[in-house]
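Q: Attaching a single structure in structure tokens format; questions to follow.
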Amino acid sequence: MKSYSVWIGIGVVCVLAFLAGDSATETLRFDRSAIANGEWWRTVSSHFVHLSYGHLLLNLAALALAGYVASPRTPIAFQIVAWFWLIAFTGVGLWLWAEDLNYYVGLSGALHGAMLVAIAPSPFYSVKVRWVVGLVIVSKVLWEQTGYYDDMANVEMVGGRTEARSHLYGAMAGLIWVAVWMMTRYIRNRDE
């Protein structure tokens, strides 16, 4: 249970933020004008608030799935740093590269990267399975960037438009993390 405390903690923070109501959502959400006025913490806090009960449940289910595939041997400090990286990269990515985006909430962007970060070192899956999962996530994210993706398809369940660019930035953060982890592991194994 201790090995999954970070994953559980993120879920608990999301639930508590949701239960705090609309004023908490407005205070914590990605708000371009507030960020421009110095409230940079919103690039991180926005990932813990959600549009609706359905949006929250969808993100909690994805969080549980990513946590399920993660290795229980991954040190807690490693998990915390990885999550901070995923959330910060996604939030700052939205700020820098989605200039038309005024508001954003939700964990789904970082979750796309979290699935990659979780499965890469997992002892439960073969290398082939890990590569397939990675390719599926990358393919999904790339498809979402095309004109064939309908960002309004889940509006009734989620309560708003899906911000597919957050998925892109989250997956990019995850791929960068996994690449650095693989390089570090390769160098460590080579030197031993």
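Q: Taking the highest mean first, how do the peptides 164-172, 176-184 order by number of other beta carbon atoms within 10 angstrom per residue?
A: 164-172, 176-184
Q: In the chain, if the dipole is taken from +1 on Lys/Arg beta carbons and -1 on Asp/Glu beta carbons about the Cα centre, which of Val6, Gly170, Ala70 is farthest to the positive end?
A: The Cα lying farthest towards the positive end belongs to Ala70.
Q: Separate question: Which residue, Val129, Met115, Ile80, has the largest displacement toward the positive end of the dipole of segment 73-151 when charges sit on each Cβ (Lys, Arg +1; Asp, Glu -1)?
A: Looking along the dipole axis, the top candidate is Val129.
Q: How far, in degrees from 0 to 90, does helix 108-119 lean away from the longest principal axis of the Cα atoms of the chain, to the nearest 10?
A: 10
Q: Identify which of the listed values of Kirkwood radius over Cα pairs in Å was calculated from the structure shown: (1) 17.5; (2) 18.8; (3) 17.1.
A: Recomputing Kirkwood radius over Cα pairs in Å here picks out (3).
Q: Turning to a different aspect of this structure: With a 1.4 Å probe and every protein chain left in place, work out the accessible area per residue of segment 47-172 in Å², rounded to a whole number.
A: On a per-residue basis, segment 47-172 sits at 49 Å².
Q: Same structure again: Would you work out the relative contact order for segment 38-176, in percent, from Cα pairs under 8 angstrom that are 6 or more residues apart?
A: Numbers: 178 pairs, mean separation 50.9, N = 139.
In percent, rounded to a whole number, it is 37.
Q: Running a GNM on the chain with Cα contacts under 10 Å, which residue among Val158, Val127, Val44 ends up with the highest mean-square fluctuation?
A: Between Val158, Val127, Val44, it is Val127 that shows the largest mean-square fluctuation.
Q: On to the next question. Which value at 222 nm does the chain reach when only helices count, each DSSP H run of 4 or more adding -39,500 (n - 2.57), with the total divided by all residues and rounded to the nearest 500 deg cm²/dmol?
A: Rounded to the nearest 500, the figure is -22000 deg cm²/dmol.
Q: Next up: Which percent of the accessible area of segment 57-192 is formed by carbon and sulfur heavy atoms (probe 1.4 angstrom)?
A: 69
Q: Quick one: putting +1 on the C-beta of Lys and Arg, -1 on the C-beta of Asp and Glu, what dipole do you get for the chain around its Cα centre, in Debye to the nearest 20?
A: Using Cβ point charges on Lys, Arg, Asp and Glu, the chain gives about 840 debye.
Q: Now for a different question. How would segment 10-97 be classified by its alpha-carbon gyration tensor: rounded, prolate or oblate, with rounded meaning a/c under 1.5 and the a/b versus b/c comparison settling the rest?
A: Numbers: a/c = 2.27, a/b = 1.33, b/c = 1.71.
The shape class here is oblate.
Q: Rounded, prolate or oblate: which one fits segment 1-43, using the alpha carbon gyration tensor with axes a ≥ b ≥ c (rounded when a/c is under 1.5, else prolate when a/b beats b/c, else oblate)?
A: Judged from the Cα gyration tensor, segment 1-43 comes out oblate (a/c at least 1.5, b/c at or above a/b).
The values are calculated or read from the model by the stated rules, or taken from the named source; none is laboratory data. This is a predicted model, so every value here is computed, not measured. Positions of Cβ are generated from backbone atoms using ideal geometry, with glycine treated the same way; all protein chains shown enter the neighbour counts. Accessible surface areas use protein heavy atoms only, side chains included; no ligands, DNA or RNA. Shrake-Rupley method; radii C 1.70, N 1.55, O 1.52, S 1.80 Å.
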